[in-house]
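Novice: Once you've had a glance at the structure underneath, I'll fire off some questions.
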Amino acid sequence: MSTTHVVILAAGKGTRMKSAEPKVLHQAGGLPLIEHVLRAADSLSPATTVVVVGHMAERVQAALGKRLGLRFALQEPQLGTGHALLQAEPHLAGAAGTVVLLSGDVPLLRPATLKALVDRHLASGAAATVLTARVSGPHEYGRIVRENGGIAAIVEHKDATPAQRAIDEINSGIYAFALEPLFDALRSIGSGNAQGEYYLPDLVGIYRAQGHTVEAVLLDDSREILGVNSRRELADVTAILKTTRNEELMAAGVSIVDPATAWIGPDVAIGPDTVIHPNVYLEGRTRIGSGCVIHAGVRIVDSTIADGAIINNYCVITESLVASGARIGPFAHIRPQSEIGEGAHVGNFTELKKTVLGKGSKANHLSYLGDAVIGERVNIGAGTITCNYDGTHKHQTIVEDDAFVGSDTQLIAPVTVQKGAYIGTGTTVREDVPSGSLAVSAGKQRNIEGWVAKRQSRGPKSETRSPRSEARDPKS
Ligand code: UD1
Ligand code: CA
């Protein structure tokens with residue numbers, strides 16, 4: 001049984017975000033901020049993980065409800081970080097070992113850093129170990145005050161003297177604590193400071209006065225402990241996550257034409273020799289094979305794209321499967337539960353929803369195919385529409401192998417076009433079409449001879465009538 005426990009602080013108001021959403025649920029790099037923190041925490045295989053919630057607690061708790069084994073402590077009202085950690089005490093009653101304290105708004109922390117922090121903490125036998133970093137320029141962080149090399153206290157920016165503000169070593173807000181003296185010491189923190197809050201960093205001074213050892217671990221890359229307090233910092237963190245992700249993928253053999261504009265989520269997998277063009281968004285559990293080309297402006301969510309498929313510009317593909325060698329777009333919309341077969345083509349301005357398009361079939365232009373099962377080697381002519389909805393229910397269209405559906409066809413579901421049948425252009429298909437037959441429904445064409453000349457001789461008054469209405473109703 002592990003003796004590492006994790007507490008994540010997420011009760012604060014996040015005032016500087018100016019948001020109706022809880023801060024820790026804002027997304028960066030395809031995940032809510034707190035999910036990044038939870039993943040880092042998972043790397044420690046903790047015995048207990050407690051999230052301290054307060055401001056919009058139900059929202060945060062609901063968003064994390066799917067995560068098993070997570071415990072929540074309610075901090076109400078929010079009186080500062082020291083008070084926040086104290087709320088986790090009931091969940092850790094009787095436990096021993098180390099508490100690693102994380103902030104729900106510090107999402108870039110790497111597992112290796114956490115491991116190093118815990119290792120150093122255990123090796124030194126300290127009561128508290130603080131993760132610190134050096135930053136340049138003015139910051140709102142707590143400053144690390146050292147004496148004889150060791151850490152003596154942490155002073156919050158708002159409480160610091162000018163000399164203390166000049167210190168460039170700052171508190172990351174990430175700590176490892178020995179559990180045994182922790183909660184009693186937390187109770188002795190006061191709130192006599194600029195913000196009237198119970199500051200967790202005050203524990204350092206308290207421990208020092210009590211003769212406990214406090215250690216500091218200085219990080220090499222200060223970007224790792226960037227906290228998100230504003231939209232600006234959210235964008236900074238998002239940009240760093242994107243760069244890191246793209247570098248990983250390029251190192252694994254994926255070509256990214258413009259890494260500045262490729263947005264690829266942490267759970268997306270891409271095979272080698274796939275080329276990602278600019279302004280592409282790959283989200284959720286998307287899987288892309290090798291040798292694919294994803295052209296500019298494409299968004300793919302929770303979908304699987306097999307080897308060698310080509311997704312042309314400006315397609316949106318959601319919860320669908322695209323088999324190898326298929327070609328989609330430009331400007332295609334593939335909606336949930338669709339499957340595009342091997343070598344099939346979906347062309348411009350074509351929308352699929354809950355539709356299977358079989359191997360080698362083509363729907364190249366301007367079609368809506370919903371709730372349809374389309375066999376292999378089928379041609380779907382331009383402007384074909386499945387009329388799948390009667391206002392109450394959705395109905396299915398089946399088009400069997402080798403059928404040919406002419407342009408501008410409406411398939412009124414439920415309906416089946418059997419193997420190899422032909423549908424003439426402009427047909428409204430209301431009944432099943434048997435194998436081997438041709439279905440046509442348009443009336444016989446009538447040409448009205450001399451109509452144009454007659455219209456012109458009628459003079460200016462009748463010119464207000466459109467030739468279309470004349471053609472529709474020539475007798476009136
Ligand atoms: C805190 C530290 C500061 C450090 C910085 C690093 C304190 C007093 N200061 O400042 O030394 O340099 O983090 O990012 O700890 N929270 C609660 N309940 C509360 C208050 C805060 O759960 O009552 C949570 C917040 O939701 C947040 C975290 O604690 O996740 C940090 O709080 P925040 O107000 O952002 O502290 P900082 O001003 O950033
Ligand atoms: Ca913060």
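Novice: Add +1 for every Lys or Arg and -1 for every Asp or Glu among the other residues with Cβ under 15 Å from the Cβ of I412, and state the total.
Specialist: Cβ neighbours under 15 Å give a net charge of -3.
Novice: Give the Debye-formula value of log10 I(q)/I(0) at each listed q (0.11, 0.16, 0.22 Å⁻¹), with one equal scatterer per alpha carbon of region 47-147, two decimals each.
Specialist: The Cα Debye sum returns log10 ratios of -0.44, -0.93, -1.45.
Novice: Same structure, new question: Label-point separation (nm) for Q195 and F183, each offset 7 Å from Cα along Cα-to-Cβ?
Specialist: 2.4
Novice: Can you send over the carbon and sulfur percentage of the accessible area for region 354-451, probe radius 1.4 Å, protein chains only?
Specialist: 50
Novice: Using only the Cα atoms of region 214-349, each taken as one equal point scatterer with no solvent, compute I(q) by the Debye sum, divide by I(0), and report log10 of the ratio at q = 0.11, 0.14, 0.21 Å⁻¹.
Specialist: Debye intensities relative to I(0), on a log10 scale: -0.43, -0.63, -1.17.
Novice: Next question. Leaving out ligands, DNA and RNA, what percent of the accessible area of region 253-330 is carbon and sulfur, probe 1.4 Å?
Specialist: Answer for region 253-330 is 54 percent, counting heavy atoms of protein chains only.
Novice: What is the ratio of the Cα radius of gyration of the chain to 2.2 N^0.38 Å, where N is its residue count, to two decimals?
Specialist: Normalised by 2.2 N^0.38 Å, the Cα Rg of the chain equals 1.41.
Novice: Antiparallel versus total DSSP beta bridges in the chain: what percent is that, nearest 5?
Specialist: About 20 percent, rounded to the nearest 5.
Novice: When Lys and Arg each count +1 and Asp and Glu each count -1, what net charge do the other residues less than 10 Å away from D371, Cβ to Cβ, add up to?
Specialist: It works out to a net charge of +3.
Novice: Between Q337 and E431, what is the label-point separation in nm under the 7 Å Cα-to-beta-carbon projection?
Specialist: 3.0
Novice: Next question, about the same structure. Can you compute the radius of gyration and Dmax for region 124-252, using only the Cα atoms, both in Å?
Specialist: When restricted to the Cα atoms of region 124-252, Rg and Dmax are 16.6, 53 Å.
Novice: Here's another thing I want to ask about it. Show me the trypsin sites (Lys or Arg not before Pro) within region 1-46 that DSSP assigns to loop and that have at most 14 other Cβ atoms within 10 Å of their Cβ.
Specialist: Hits after loop and neighbour filter: K13, K18.
Novice: Mind giving me the FRET efficiency for H157 and R71? R0 is 45 Å, r the Cβ-Cβ distance, nearest 0.05 is fine.
Specialist: 0.90
Novice: Continuing with the same structure: Where in the chain are the DSSP H helices whose C-alpha atoms run 24 Å or more along the long axis and whose mean Kyte hydropathy is at least -1.0?
Specialist: 231-251
Novice: Give me the orientation-averaged projected area of the Cα convex hull of region 57-213, in nm², one decimal.
Specialist: So the mean shadow area of the Cα hull is 10.4 nm².
Novice: Does region 307-388 classify as rounded, prolate or oblate by the C-alpha gyration tensor (a ≥ b ≥ c root eigenvalues; a/c under 1.5 gives rounded; else a/b over b/c gives prolate, otherwise oblate)?
Specialist: rounded
Novice: What is the pair-distance distribution P(r) of region 170-239, computed from all Cα-Cα distances in 10 Å bins starting at 0, with each bin given as a whole percent?
Specialist: Bin by bin from 0 Å, the calculated values are 15, 39, 32, 14, 1.
Novice: Now for a different question. If packing is taken as the mean number of other Cβ atoms within 10 Å per residue, what is the order of 277-287, 234-244, highest first?
Specialist: 277-287, 234-244
Novice: Taking the dipole about the Cα centre of the chain, with the C-beta of Lys and Arg at +1 and of Asp and Glu at -1, give me whichever of L182, V100, V417 is farthest to the positive side.
Specialist: Farthest along the dipole direction, towards plus: V417.
Novice: Using a 1.4 Å probe, what is the accessible area per residue for the chain, in Å²?
Specialist: 48
Novice: So how much slack lies between S136 and W451, counting 0.36 nm per residue of separation and subtracting their Cα-Cα distance, in nm?
Specialist: That pair, S136 and W451, stretches by 105.1 nm at full extension.
Novice: Can you give me the C-alpha center-to-center distance between region 361-410 and region 199-263, rounded to a whole angstrom?
Specialist: The distance from the Cα centre of region 361-410 to that of region 199-263 comes to 50 Å.
Novice: While we're looking at this one, here's another question. Ignoring ligands, DNA and RNA, what percent of the accessible area of region 112-168 is carbon or sulfur (1.4 Å)?
Specialist: It is 55 percent, rounded to a whole number.
Novice: To the nearest 20 Debye, how big is the dipole of the chain about its Cα centre, given +1 on the beta carbon of each Lys and Arg and -1 on that of each Asp and Glu?
Specialist: 1920
The values are calculated or read from the model by the stated rules, or taken from the named source; none is laboratory data. This is a predicted model, so every value here is computed, not measured. Neighbour counts run over all protein chains shown; Cβ positions are idealised from the backbone, glycine included. The protein model used for the area step is the full one, side chains on, heavy atoms only, and it has no ligands, DNA or RNA in it. Shrake-Rupley method; radii C 1.70, N 1.55, O 1.52, S 1.80 Å.
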